[in-house]
Amino acid sequence: MSVLTPLLLRGLIGPARRLPVPRAQIHSKPPREHLGTTDIAIGLTSCFLCFLLPSGWVLSHLESYKKRE
């Protein structure tokens, strides 16, 4: 690294520190309906079936993908 590198980096970062960062005014409310055990189980099962099952199938059949026909 050059001797000038810290000076160049400081020159790039310096003006960015002075810029005001807008803050969003986000306020959340408590949920209208609390999730039950069944709702959570259905949600986790659907996530498993949609994401993990296809990727697991591809990984288990990876050797057959590598073979040329």
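General remarks:
- Residue match in segment 16-34 (condition: at pLDDT 90 or above, open to solvent by 100 Å² or more (accessible area, probe 1.4 Å) and of a type outside the set (D, E, K, R)): yes
- No other residue among GLY43, GLY11 is at pLDDT 75 or above and small (Gly, Ala, Ser) apart from GLY43.
The values are calculated or read from the model by the stated rules, or taken from the named source; none is laboratory data. No experiment lies behind these values; they were computed from the predicted model shown. Please note that ligands, DNA and RNA were not included when accessible areas were found on the heavy atoms of the full protein model with its side chains. Shrake-Rupley method; radii C 1.70, N 1.55, O 1.52, S 1.80 Å.
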